[in-house]
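To start, the structure itself, in structure tokens.
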Amino acid sequence: MSYLEYKIQTVPTGARKILHANWALILLLAAVCSVGFLMLTSVAGGDPSRWAEPQMKRFALGLVVMMILGMVPIWFWRSISGLAYLGSLGLLLLVELFGTVGMGAQRWIDLGFMRLQPSELMKIALVMVLAAYYDWLPLAKVSKPQWVIPPVLLMLVPTALVLKQPDLGTAILLVAGGAIVMFCAGVSWWYFIAVAASGGALIYGVFASRGTDWQLLKDYQFRRIDTFLDPSTDPLGAGYHITQSKIALGSGGWTGKGFMQGTQSRLNFLPEKHTDFIFTTLAEEFGFVGGFSLLCLYGLIIFFCIVSAMGNRDRFGALLTLGVAATLFLFFAVNMSMVMGLAPVVGVPLPLVSYGGSAMLVLLAAFGLVQSAHIHRPRSR
Amino acid sequence: MKRPPKENEEAAGLMTRRGVVLGGSMVGFMGLLALRMRQMQVTEAEDYRLLAEENRINVRLIPPSRGIIYDRFGIPIAQNAQNYRIVIVREEAGNVEAAIAKVRQLVDLDDSDVERALKEIYRRSPFVPITVADQLAWEDIAEVAINAPALPGITPDVGLSREYPLGADFAHIVGYVGPVSDYDLSKLEDPDPLLQIPKFQIGKIGVETKLEGDLRGRAGSRRIEVNAGGRVMRELSRDDYTPGNDLQLTIDHGLQNYAQARLANESAGSVVIDVETGDLLAMASAPSFDPNMFVRGISSKNYNALRENKYKPLFNKTVQGLYPPGSTFKMLTGLAALRGGVISPEERVYCPGHMSLGGRRFHCWKRGGHGWMNFDDAITQSCDVYFYEAAHRLGVDKLAELSREFGLGQRHDLPMSAVRAGIIPDTKWKAQVRGERWNPGETLNTSIGQGDVLASPLQLAVMTARLASGRAVKPRLVKSVNGIEVPIEDAPRIDVPTSLMNMARKAMFNVSNGRRGTARRSRIVAEGMEMAGKTGTSQVRNITKAERARGVFRNDQLPWERRDHGLFVAFAPYDKPKYAIATIVEHGGGGSSAAAPPSRDILLYALYGDVPPLEAYPKEQRERIKVQHEEMELRPRLKPEKKASRA
């Protein structure tokens, strides 16, 4: 059922839309962001003005943006998704050519009040364009190879640009996010199995080549992998951060050391404690209880998104909702795996909690689209 | 864009199925994360907690203050003085070189110190304080403190360092401390973590090292929290140190100072002992050195000067120096023979100037001979032949047995470095050490304290104290530890009949007071303070025939190293013995001229408790003694402070 077939009368209009917003989702998002404010205050040594207050302002702004975007009918978003994609791609190219390098390798555009990372925008734009693509594509063609190639290209072009920055974390998120949308759209299992198998084979090949004449990676790249697999081999070098992160997390125990009592973060043993490693501080100060609670909050957001998507007969809206939920999931899954030593340190922030303007704004905007899909979902009589 | 409703239904169904798979996978992965979290935070939490504590907590030792050493009247001999230092912190100083240059305009700094400090500064973290110079004068520190606003990152600091206010007087007894060295660490099986502190001071010689265990005290500790950079954030807990035990020695600082000054121009040693308690009141070894030089780190120039000095200032002559006791040994020979019954007190032996034994002639020091000699005469005039005869009749083993009862040939247990046992030879000793049979001629040499007999001034002083008291008194150097008196050991009676002991004492009285006594010139005339003594002269080497041919007969014509050692032992007052003394003047010539006068003077000081009045001296000597006292650089006696305060 496409939006042209909607019985417009069944969709709420005007101010009544607010009543039909997904309030559970809004409350959960606010809860997660509040955890962020708390932790940002803690890592600043109790000084909220350093990180927490700017973050709150952005959250307020993000909330307004989310509601405004949610009020806009979903069919508008569908119609501009192609444009959004092309615009994001253009910005990505722009920063590739003229961008400023800062904070490792990320590139951004200075908007005056904040710095916008086009790669953040692209995460959402890609989900939008893929959702629109599969909304348009008849189901019968979904798994046909010639119809699988266009979305793959849509995915790979921005991924290549992001990889060139180089920003491995965002690249992984783009590919995985796109793949999840494709999976939900119904693309055959076999494609995924084939990609997974060839990926596995590639990794095996890389490792098998080590020490031979046709070695596929440089020695130092292998050493980085070694350090990831066993940080204790280099406790003061590259493995230092991950080792300290694990110590902080583990030493939190059941209930943690208490607010602002985390020795690892307060004494600077933790790296990047206000951005990528903020979960470690949470787990150190509030223990398993705190960490698990945050995980549950994220889980509930995902749950409400999936419920909303399943109840939505609009294919674009449902795919978009699932895609945004998948993006959020990928953010925190990669970040938590990273700080727990399950994944290499690739520089992915904890969504809505880590300090950082564009990531939060873009995510809240994406949830604005989810709200729009929810409010404007077709209703049967 | 119309689609058949069937396809819509199909698409929605497919998406629902895929959505469920997706949601399930996400929940599954989140479960994995939760499990991992649980494993780290619950199962392995203890390990991680330990690692976190190790990260943040450092234990720093607080060095204890070393025990203070006092003399018997509570005058500090070794104490802890404030050690003024200049400390620099790199991150506060900014330009380190410029800061040090500014300090150098105010204070004289050693080039090597500055170089070492600069190296250290750049090796360590920027917030670690580095000592630029220490052992500075208070004025220098004041200068730096006044200019502190112009010297960012530079702070005057104060620590504790050992100080010996009485300087050279106690160098041989108390010794000195120095920074713990690698050699010390390898030698000592001492697990005390204090030794790991750079420049921690430990005893190197003397009482300082022998009673290190008492003096050092126990370290305190500070548990501090550090951040990732190693910066100290705060103190978590503090366990204060236990200071070392204070020691009180039996030495009288005034007497010690007098004895050192009296012997200052000689290479000599002298020991004064209380005949009843065994308390050592003075143990002078001259020349001496300033132990404070060693605390600061002695220059190799100064050290070599000390080592190459022929008077051996580093050598403690009182316990480490062994000398043939010569005639001072004759009381023992006489008493042994009397106790053994081989000679009677009144029996007279004829001295023709020599005695022949086994085809060898054993000369008396008096070539012409003394004529008929009884025990008293023999001691008073120090006739060798009488004692040759007595010992020959008795045999060396019985003589050695009695000698040991008087404390010779055995090590007195004192907390001083290199206390030696000396040698009292007998047949068993010779069989063991030389693997030879005893030669009867050796008994004659032994009888006059020559041959293999070796004793230290300490042993001779103990011997004299035992002669005076009739009891086997033991020397005591430590009077009290932390105010708790060290008990005086029981001194059993020596198994020699009192009548015989009295004879020996009478004979010694005659030595210093009798008309023909060898030490008559060094008598005490103050009533009730008369001294009883015995001179000794031990040959370093015989005058050779060639020298005799060149006309060398007298000792003072020989080079210094080959002159005889002069010895003197004495106790006083004669009728109620209180103190005994033994003095050796290396290469000083005869005992009566070299060793008896200073012994008398030192004993008089001990008896009066201060510089003795001229009335105690024979009339004709008073003028000379007066000049002598004026020329001696004596320190006035010190008074103990009311409260012994810890520096």
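The values are calculated or read from the model by the stated rules, or taken from the named source; none is laboratory data. None of these values were measured; they are calculated from a predicted model. Note: ideal-geometry Cβ built from the backbone for every residue, glycine included; neighbour counts use all protein chains shown.
Couple of notes before you dig in:
- The lone exception for B:GLN248 - which of (1) touching a residue at least 24 places away in the same chain (Cβ under 8 Å); (2) over 30 Å from B:LEU607 (Cβ atoms); (3) not hydrophobic (A, V, I, L, M, F, W, C) it fails: (2)
- Pairs meeting the criteria (first residue in the range B:24-42 and within 7 Å of another protein chain (Cβ to nearest Cβ), second residue among the basic types (Lys, Arg) and buried (at least 16 other Cβ atoms within 10 Å of the Cβ), beta carbons under 7 Å, at least 6 apart or on different chains) are B:MET40/A:LYS246.
- Residue in the range B:178-197 that is touching a helix residue (DSSP H, G or I) at 6+ places or on another chain (Cβ under 8 Å) and buried (at least 22 other Cβ atoms within 10 Å of the Cβ) present: yes
- All conditions but one from (1) within 12 Å of chain B (Cβ to nearest Cβ); (2) in a helix (DSSP H, G or I) apply to A:PHE269; the one that does not is (2).
- Of the set (1) in the same structural domain as B:SER221 (by TED's automatic domain parsing); (2) under 30 Å from B:PRO291 (Cα atoms), all apply to B:ASN80 but (1).
- The range B:372-393: number of residues that are within 11 Å of B:HIS354 (Cα to Cα) and more than 41 Å from the chain's Cα centre (by Cα): 1
- Any chance B:ASP169 is within 31 Å of the chain's Cα centre (by Cα), surrounded by fewer than 18 Cβ atoms within 10 Å (Cβ to Cβ) and either not aromatic (Phe, Trp, Tyr) or not in a loop (DSSP other than H, G, I, E, B) (or both): no
- Consider the range A:284-312 and keep the residues that are within 8 Å of chain B (Cβ to nearest Cβ) and aliphatic (A, V, I, L, M). The one that is nearest to A:VAL32 (Cα to Cα) is A:LEU295.
- Top-ranked residue of the range A:339-360 - restricted to ones that are under 18 Å from A:LEU25 (Cβ atoms) and in contact with a Leu (Cβ under 7 Å, 6 or more places away or on another chain), ranked as farthest from the other protein chains (Cβ to nearest Cβ): A:MET360
- Within the range B:1-11, if we keep just the residues that are surrounded by fewer than 16 Cβ atoms within 10 Å (Cβ to Cβ), at pLDDT 55 or above and facing chain A (nearest Cβ under 7 Å), the residue that is nearest to A:ILE306 (Cα to Cα) turns out to be B:GLU10.
- Matching residues in the range B:33-66 - criterion: being acidic (Asp, Glu) and part of a helix (DSSP H, G or I): B:GLU46, B:ASP47, B:GLU53, B:GLU54
- Of all the numbered requirements in (1) of a type outside the set (Asp, Glu); (2) within 14 Å of chain B (Cβ to nearest Cβ); (3) touching a Pro at 6+ places or on another chain (Cβ under 7 Å), A:LEU363 misses one, and that requirement is (2).
- Qualifying position, being under 30 Å from B:ASN374 (Cα atoms) and among the small types (Gly, Ala, Ser), among B:GLY278, B:GLY321, B:GLY297, B:GLY341: B:GLY341
- Each residue in the range B:365-385 was checked for being part of a helix (DSSP H, G or I) and within 20 Å of B:GLY590 (Cα to Cα), and 7 of them qualify.
- Tally of residues being farther than 15 Å from B:TYR605 by Cα and aliphatic (A, V, I, L, M) across the range B:619-636: 1
- Residues of the range B:45-80 classified as more than 14 Å from chain A (Cβ to nearest Cβ) and more than 28 Å from B:GLU485 (Cβ to Cβ), total: 5
- Residues that are part of a helix (DSSP H, G or I), under 19 Å from B:SER221 (Cβ atoms) and not hydrophobic (A, V, I, L, M, F, W, C), drawn from the range B:183-205: B:PRO193, B:GLN196
- Residue under evaluation B:ARG361, criteria (1) out of contact with any Phe, Trp or Tyr (no Cβ under 6 Å at 6 or more places or on another chain); (2) closer than 19 Å to B:LEU399 by Cβ, criterion not met: (2)
- Hits in the range A:34-57 (condition: of a type outside the set (A, V, I, L, M) and buried (at least 22 other Cβ atoms within 10 Å of the Cβ)): A:GLY36, A:SER42, A:TRP51, A:GLN55
- When we screen B:SER499, B:SER480 for residues that are of a type in the set (Ser, Thr, Tyr) and either surrounded by 16 or more Cβ atoms within 10 Å (Cβ to Cβ) or not in a helix (DSSP H, G or I) (or both), the only hit is B:SER480.
- The set of residues from the range B:458-477 being out of contact with any Phe, Trp or Tyr (no Cβ under 8 Å at 6 or more places or on another chain) and part of a helix (DSSP H, G or I) comprises B:LEU458, B:GLN459, B:LEU460, B:ALA461, B:SER469.
- Scan of the range A:235-266 for residues that are in contact with an Asp or Glu (Cβ under 8 Å, 6 or more places away or on another chain), outside any loop (DSSP other than H, G, I, E, B) and either at the interface with another protein chain (Cβ under 7 Å from one of its Cβ atoms) or surrounded by 24 or more Cβ atoms within 10 Å (Cβ to Cβ) (or both), ordered by number: A:ALA248, A:LEU249, A:GLY250, A:SER251, A:THR263, A:GLN264, A:SER265
- Counted residues, the range B:382-399 - those being buried (at least 24 other Cβ atoms within 10 Å of the Cβ) and more than 13 Å from B:LEU338 (Cα to Cα): 6
- Qualifying residue in the range A:321-338 (condition: modelled with pLDDT of 90 or more, farther than 24 Å from A:PRO166 by Cβ and facing another protein chain (nearest Cβ under 9 Å)): yes
- Qualifying residue in the range A:136-150 (condition: at pLDDT 90 or above, assigned to a helix (DSSP H, G or I), under 25 Å from A:ILE302 (Cβ atoms) and in contact with a helix residue (DSSP H, G or I) (Cβ under 9 Å, 6 or more places away or on another chain)): no
- Test result for B:PRO352, under 30 Å from B:SER285 (Cα atoms) and without any contact (Cβ under 8 Å) to a residue 60 or more places away in the chain: no
- B:GLY514 vs. criteria assigned by TED's automatic domain parsing to the domain that holds B:HIS412, modelled with pLDDT under 95 and buried (at least 16 other Cβ atoms within 10 Å of the Cβ): yes
- Residue count for the range B:565-587, restricted to those that are surrounded by 24 or more Cβ atoms within 10 Å (Cβ to Cβ) and assigned to a loop (DSSP other than H, G, I, E, B): 1
- When each of B:ARG85, B:ARG56 is tested for being in contact with an Asp or Glu (Cβ under 7 Å, 6 or more places away or on another chain), under 30 Å from A:GLY341 (Cα atoms) and among the basic types (Lys, Arg), the lone residue that passes is B:ARG56.
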